[in-house]
Every structure is written in C-alpha cells, then in structure tokens.
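Engineer: Would you mind keeping the following structure in view while I ask a few things?
FYI, it's all coordinate maths here, none of it is from the lab. Given the structure is predicted, the values throughout are model-derived calculations rather than measurements. Here the Cβ positions follow ideal geometry from the backbone for every residue, glycine too, while neighbour counts run over all protein chains shown.
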Amino acid sequence: MSFFDLLAWLVENAESIKGCRIDNVSLLSGLEAYDLKLHCRDGYKDLILEPGKRVFLSKTSRPVEVSGKVKNLRALIRERFIKEVETLGNERILVLKLSDGNSILVELLARGVLAVLSQDGKILFVNESREMKDRELKPGLLYRPPPQQALSPEEVQKLLKKGDVRRILGIPQEIVEGLGIKATTPEELEAARAKVQELVERIKAGGIRPCYSETTFAPIKFPNCKECQGSFNDLIEEFFAKAEEEERERKLKEALEQEKRKLETTIDEVKRSIMAYEGEAKKLRELADKIRAEYPAYEEMLKDKKGKVKVSIDGIEVELDPSIGLNRNLGLIYERAKELEAKAKKAREALQELQAKLANLEAQIEERVSESKVSVRKREWYERFRWSFTRNGLLILAGIDADQNESIVKKYLDPNDVFLHADIQGAAATVLKCEKEPTEEDIKDAATIAAAYSKAWKVGLSYIEVFWVKGDQVSKSPPSGEYLPKGSFMVYGKKNYLKVPLELYLCLESYEGSYRPFVGSEESVRRRCEKYLKLVPGEEDPSQATEKVIRVLQKETGLKGLRALKKDIERLLPGRTKVLAVTK
C-alpha cells in the first residue's frame with residue numbers, strides 16, 4: 001500500500017474503529033499478519049495488520065494461530081480502546097493510539113514491522129527485531145522511523161532530464177499516470193508537487209474513487225483501470241486475496257515437503273539397517289553351517305585351548321569359547337543370527353508404517369496442490385454478498401445481514417433495477433441489476449434467491465410469496481415521525497407478487513482458470529454446469545450439508561481439492577439443508 005492508499009483507507013475507516021476495544025489478537029495462519037478482533041459500537045470487526053503490505057477491515061473468516069510472540073502482544077494491547085487512528089507524518093506508517101497511552105505502529109514500507117510503543121516512544125514489542133545500518137529495532141530501544149531517502153540536486157536534475165517524476169516525488173506510477181503528471185523542468189516539477197498535494201487534500205475530503213488493474217490499485221482513476229463497485233477497504237481485501245492464499249499454500253506445501261524429505265531420509269536409513277541385519281545374519285548362518293560341516297576339525301582345534309579362539313570366514317569373525325564346547329558355540333552363533341533376523345523383521349514392519357505415512361503425505365501434498373489450484377483465484381467484488389446470475393446473465397445481489405442489506409440498497413440499487421423481498425420478517429434485501437430490461441424469467445430467477453435467503457428456509461416452508469418493485473419505489477426515508485432500523489426500507493406504490501418454491505440448485509462453474517460454487521434457479525445453473533445438485537430445506541446443518549456437497553461433487557465431477565471451497569459453499573447455503581441427487 002502506498003501513502004495515498006493508507007490515507008484513503010484512514011479517511012474511509014478511521015472513525016469506525018475509534019472507540020473500539022481490542023478483544024483479542026491472533027496471527028493469520030501461514031502469514032506475518034495480525035488479526036485484531038475489535039468490539040465496536042456497531043458489532044465485532046477484524047482489523048488485519050500486515051507489516052510491509054497492508055491494513056484493512058476483513059469481512060472474511062480466516063484461519064488463525066497463536067505463537068509466543070502473539071501472547072506477548074496480547075498482554076500489551078488486549079482490553080485497550082483505540083483512541084486515535086492516524087499516519088506518522090506523510091509516511092506509510094499507521095499509528096493506533098490506545099487508551100493506556102501506548103501505541104500500535106505498523107510500517108507498510110518494505111521490510112516494515114509491527115511494534116507497540118510506550119508513551120515516551122520506547123519499543124515494548126516488535127514482531128521482528130532488526131539491526132540495519134540506519135536504525136535498530138529492539139524492545140527497550142527508542143523507536144526511530146526509517147530515514148527519508150533525500151535526493152541530491154544533481155540526482156534530481158538527472159531524473160528530471162529523463163522525466164522520471166515518480167522517483168523524484170517518491171510516488172507510485174499509477175498516481176503519476178492518474179494525475180497526468182509530466183515534468184522535465186523545475187517549473188513543471190513544482191506544478192507536479194502542487195498536483196500531488198491537491199490529491200492529498202482531495203482524499204482527505206473524501207474524494208476517493210477506488211480503481212484497480214491486474215497488477216495494482218489506487219484511490220483514484222488511472223489509465224486502463226477498472227472502477228471498484230465497493231469501498232476502498234473491500235478493494236484492498238479482494239486485491240490481496242489471491243496472493244494471500246498463494247502465500248499460505250506455499251508455506252503449507254513447503255512444510256509438507258520438508259516433512260516428506262525427513263520421512264524419505266528415515267526410510268533410507270531403515271532400509272540400510274534391514275540390509276545390514278539380514279546380511280550379517282546370513283553370513284553368521286553360513287559360517288555356522290561351514291563349522292558344522294567340518295565339525296571334527298574345529299573340535300580338534302578347540303581341544304586343549306585355554307582362551308577364546310577367533311574364527312574368520314568370508315569377512316565375518318566370531319569367537320569360539322573352548323570351555324563350553326563346539327555345539328554350544330554353534331548354538332550361540334545361530335541365536336545371534338536369529339536376533340539379527342528379528343531386528344530386520346521389526347525394521348521391515350517399521351518400514352511399512354513409514355512408507356504408508358509417506359504415501360499419505362504425498363496424497364496430502366497432491367491434495368493441497370489441487371486445493372490451491374481450486375481456491376487461488378481473484379474474488380469478484382460481488383462475492384462478499386450472496387449472489388447469483390439469471391439465465392440471461394443479469395447479476396443478483398442478496399444481503400447476508402442487516403449491514404449488507406443496508407449497503408446493497410444504498411450503494412447498488414439504481415432506479416431501473418428490481419428490488420425483491422420475501423413476504424416474511426427476516427429476509428435478504430435482494431437486488432436484480434438491470435443493465436437491460438429484465439424478462440419475467442430474470443425476475444423469477446431473482447425471486448428464487450430472495451425466497452431461499454429468508455426465514456422461510458429456516459422454518460422449513462415449501463413455498464413463500466416474494467414481492468418485487470422497481471428500484472425507484474424503494475426509499476430509506478421513513479414517514480414523518482417514524483424510524484427505520486438498519487437494513488429496513490420503505491416501499492412505495494404497487495407490489496408485484498410471485499409464489500416461489502423454496503429450492504436452490506448448486507454447481508461448480510469453471511471461472512478464471514479455477515472453479516467456484518454457483519447457486520441459483522435450476523435454469524440459471526443448468527446454463528453454467530453439466531452436473532448440479534438440488535438443495536431444499538432439511539435437517540443437516542450447513543457444515544454437514546457442505547461436506548456432503550463436496551463428497552458428491554468430487555465423486556461425480558472427478559475434480560480434486562474441492563475441500564478448499566468449503567467456506568465458499570457453506571456461505572451460500574441458506575440454513576439447514578437437504579442435499580438431493582445430482583442432476584446430469
């Protein structure tokens with residue numbers, strides 16, 4: 001994230017986290033990123049702080065872990081309130097001032113750290129102690145921010161001749177292009193500085209237009225970028241999602257590969273032991289058989305001997321004890337051979353177990369590779385809601401909770417769109433985005449979604465009535481003297497009603513070189529997939545139903561790694577569900 005990104009994020013989100021209490025801190029699995037669980041006036045929030053990369057409020061459940069350093073961090077910041085949220089000057093450094101006078105500081109520049117500072121600026125905690133040529137970061141020392149890399153007048157002149165404004169001003173290329181900055185003279189450079197300052201002031205005033213490309217994003221439009229439909233915070237989360245998953249998968253696979261190498265080394269050692277045991281046992285038996293074949297000669301050799309006699313045949317040596325007789329000596333040799341054979345047998349049993357472990361580990365690695373191919377993809381902006389498409393390709397959005405219901409209507413409902421709602425208390429606000437005039441079929445497809453994501457599914461109804469109106473019939477303004485709670489709306493004018501069966505159809509659609517779960521009406525799903533499942537209200541909780549969906553689809557489609565989609569699938573289930581047979 002650039003300074004402009006951080007500033008835009010602060011403008012958009014700072015007020016929403018001021019006054020929040022830090023309830024807990026965890027480390028995101030496989031990442032050097034910290035999840036601060038905040039208890040705020042409007043509910044719980046997850047603030048993700050990843051030094052050197054990003055900060056954002058997450059709407060997605062992520063796997064977490066606890067380490068020793070996380071426990072140390074918890075002791076310093078748990079139960080504290082966030083009083084102020086700001087940047088350190090014009091640096092890419094976020095500062096969260098806490099109620100006890102300490103501060104959490106997150107550096108977003110390369111090799112940045114997360115630190116907790118005392119009121120007098122001493123480091124109480126740092127996620128990674130470092131010694132650099134220009135500063136030292138260790139608990140007990142005073143915190144020093146990274147020194148600014150000032151260019152000499154000569155260096156500025158050289159860069160100016162090349163028109164390299166980006167390096168002179170220290171700003172990202174997308175900002176240079178977005179502002180249309182070009183400078184080859186000192187006068188043009190001053191004009192460029194003024195433009196950059198104007199942008200800072202514009203962002204501070206809320207002038208944010210999130211835009212992104214395949215490789216970067218910014219809070220303003222820049223050439224060949226796509227404007228984001230959601231908030232800047234949403235853009236940050238979605239942009240990094242693929243890289244985050246790839247990094248987590250890389251580390252997990254690396255750990256599995258390391259475990260595999262250890263197992264292979266142990267297996268090689270056990271194989272060598274088996275060969276050694278069996279080889280020595282074989283030679284001992286051959287030696288004993290040779291002595292037995294020449295029994296009189298060896299018996300004569302031991303006659304009148306006082307001490308032990310060494311006998312070596314074919315590179316193996318044994319000691320014969322004249323005092324116990326030749327027969328007893330042979331018995332001891334055979335017993336030693338049996339002991340070695342027993343050791344070889346146990347080693348073979350251990351080898352079988354190790355080979356089974358190795359096979360299981362290799363299967364896990366293959367599964368993880370398959371899962372990463374399935375799960376690592378770019379999430380579209382609408383996937384943070386419940387969503388579908390009609391058979392004719394129109395987007396359907398439905399809220400998961402009151403906050404999302406509010407957001408869908410406020411941000412995404414245009415006058416020509418269609419608003420739908422099941423005729424029951426406790427239903428998702430549903431919007432059919434109409435880039436073209438919707439057909440009756442489109443409205444029926446959207447009504448399927450509105451019906452499914454309502455209390456009607458949870459109470460196990462078979463049918464429910466759904467009404468639909470045009471977007472311009474919906475308002476957040478209540479009648480005089482009345483109050484509308486969050487997620488509620490006024491609907492004016494005639495309502496159109498449809499009787500809709502409680503059913504959804506689910507499949508895995510090929511998307512962006514991977515797969516994603518898709519739910520909708522039967523006709524919508526049939527146009528996207530060859531094989532799909534029917535879902536109706538039932539007795540299995542969403543987690544159990546998801547497991548069944550994964551098993552059936554994995555068997556029917558032959559696709560591997562579908563467990564990586566567990567959260568995505570479960571999120572699309574309306575509640576307790578019965579999974580019916582695959583339709584082909």
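Engineer: Taking the Cβ-Cβ separation of Leu151 and Ser67 as r and a Förster radius of 56 Å, what is the calculated FRET efficiency to the nearest 0.05?
Structural biologist: So, using R0 = 56 Å, E works out to roughly 0.90.
Engineer: Averaging sequence separations of C-alpha pairs under 8 Å and six or more residues apart, then dividing by the length of the chain, give the relative contact order as a whole percent.
Structural biologist: 8 percent
Engineer: Let me ask something else about it. Using only the alpha-carbon atoms of the stretch 384-583 as identical scatterers, what base-10 log of I(q)/I(0) does the Debye formula give at q = 0.08, 0.11, 0.12, 0.15 Å⁻¹?
Structural biologist: So the normalised log intensities are -0.26, -0.49, -0.58, -0.88.
Engineer: For the stretch 472-550 and the stretch 135-157, what is the centre-to-centre distance using only Cα atoms, to the nearest Å?
Structural biologist: Each part's Cα centre sits 53 Å from the other's.
Engineer: Mind giving me the nanometre distance, one decimal, between the label points for Glu349 and Glu440, set 7 Å out from Cα along Cα→Cβ?
Structural biologist: 7.5 nm
Engineer: Would you list which aspartates and glutamates come within 19 Å of Lys162, measuring only between C-alpha atoms, while excluding same-chain residues fewer than 8 positions from it?
Structural biologist: Glu154, Glu174, Glu177, Glu187, Glu188, Glu190
Engineer: Per-residue ellipticity at 222 nm for the chain, helices alone: DSSP H runs ≥ 4 residues times -39500 (n - 2.57), over residue total, nearest 500 deg cm²/dmol?
Structural biologist: Numbers: 15 runs with 238 residues, N = 584.
Roughly -13500 deg cm²/dmol at 222 nm, from the helical runs in the chain.
Engineer: I've got another one for you. Note the direction-averaged projected area, equal to a quarter of the hull surface, for the Cα convex hull of the chain, in nm².
Structural biologist: 43.9 nm²
Engineer: Ranked highest first by the average count of other Cβ atoms within 10 Å around their residues, in what order do 521-528, 62-69 fall?
Structural biologist: Packing order, densest peptide first, comes out as 521-528, 62-69.
Engineer: Still on this structure, I have one more. If you take the charge dipole of the chain about its Cα centre, with +1 on Lys and Arg Cβ and -1 on Asp and Glu Cβ, which of Tyr532, Gly561, Pro322 is farthest toward its positive end?
Structural biologist: Pro322
Engineer: Around Arg576, what is the net charge, scoring Lys/Arg as +1 and Asp/Glu as -1 over all other residues with Cβ under 11 Å from its Cβ?
Structural biologist: With Lys, Arg at +1 and Asp, Glu at -1, the net is -1.
Engineer: Would you mind counting up the charge near Pro172? Only other residues with Cβ under 10 Å from its Cβ, with Lys and Arg at +1 and Asp and Glu at -1.
Structural biologist: Working: positive: Arg166; negative: Asp5, Glu174, Glu177.
Once positives and negatives cancel, what remains is -2.
Engineer: Determine the alpha carbon to alpha carbon distance for each of Lys310/Lys345; Lys357/Lys566; Lys262/Lys357 and list only those over 18 Å.
Structural biologist: Lys310/Lys345; Lys357/Lys566
Engineer: What ratio of Cα Rg to 2.2 N^0.38 Å holds for the stretch 153-227?
Structural biologist: Here the Cα radius of gyration is 1.15 times the empirical estimate.
Engineer: Another question about this same structure. Once you measure Cβ to Cβ distances between cysteines in the chain, which Cys have no partner under 4.7 Å?
Structural biologist: Cys228, Cys434
Engineer: OK, next. What is the Cα convex hull volume of the stretch 521-584 when expressed per residue in Å³?
Structural biologist: Taking the convex hull of the Cα positions in the stretch 521-584, it is 82 Å³ per residue.
Engineer: Can you tell me the FRET efficiency between Asn496 and Lys411 if r is taken as the Cβ-Cβ distance and R0 is 30 Å, rounded to the nearest 0.05?
Structural biologist: Efficiency, from the Cβ-Cβ distance: 0.80.
Engineer: Please list, short to long, the whole-number percent of alpha-carbon pairs of the stretch 246-375 in consecutive 10 angstrom bins beginning at zero.
Structural biologist: 11, 28, 18, 14, 12, 9, 6, 2, 0
Engineer: Now for a separate question. Looking at the square roots a ≥ b ≥ c of the eigenvalues of the Cα gyration tensor of the stretch 55-124, which shape do they give, rounded for a/c under 1.5, prolate if a/b is larger than b/c, or oblate?
Structural biologist: Because its axes are fairly even, with a/c under 1.5, the stretch 55-124 counts as rounded.
Engineer: Calculate the radius of gyration of the Cα atoms of the stretch 86-214 to one decimal place, then report Dmax, the largest Cα-Cα distance, as a whole number, both in Å.
Structural biologist: My reading of the Cα-based Rg and Dmax gives 18.0, 51 Å.
Engineer: Follow-up question, since we're still on this one. For a label point 7 angstrom out from the Cα of Glu128 toward its Cβ, which stretches of the stretch 42-76 have the backbone nitrogen within less than 17 Å?
Structural biologist: 49-55, 67-70
Engineer: Just grab the label-to-label distance for Lys560 and Ser488, each label 7 Å out from Cα along the Cβ direction, in nm (one decimal).
Structural biologist: Reported label-point gap for Lys560 and Ser488 is 5.4 nm.
Engineer: Kirkwood Rh, the stretch 421-483, all Cα pairs: how many Å?
Structural biologist: Hydrodynamic radius (Kirkwood, Cα only) of the stretch 421-483 equals 13.1 Å.
Engineer: Take the residue pairs Lys444/Lys494; Lys53/Lys204; Lys37/Lys433; Lys251/Lys343; Lys433/Lys495; Lys53/Lys260 and return only those whose Cα atoms are more than 29 Å apart. Please list the in-between numbers first.
Structural biologist: Values: Lys444/Lys494 18 Å; Lys53/Lys204 22 Å; Lys37/Lys433 34 Å; Lys251/Lys343 38 Å; Lys433/Lys495 18 Å; Lys53/Lys260 32 Å.
Correct reply: Lys37/Lys433; Lys251/Lys343; Lys53/Lys260.
Engineer: Which of Lys531/Lys578; Lys97/Lys410; Lys182/Lys221 have a Cα-Cα distance over 23 Å?
Structural biologist: Lys97/Lys410
Engineer: P(r) tail for the stretch 3-137, what percent of Cα pairs lie past 17 Å?
Structural biologist: 57 percent
Engineer: Under 15 Å between alpha carbons, and skipping anything fewer than 8 positions from Lys476 in its own chain: which aspartates and glutamates qualify?
Structural biologist: Asp403, Glu406, Asp414
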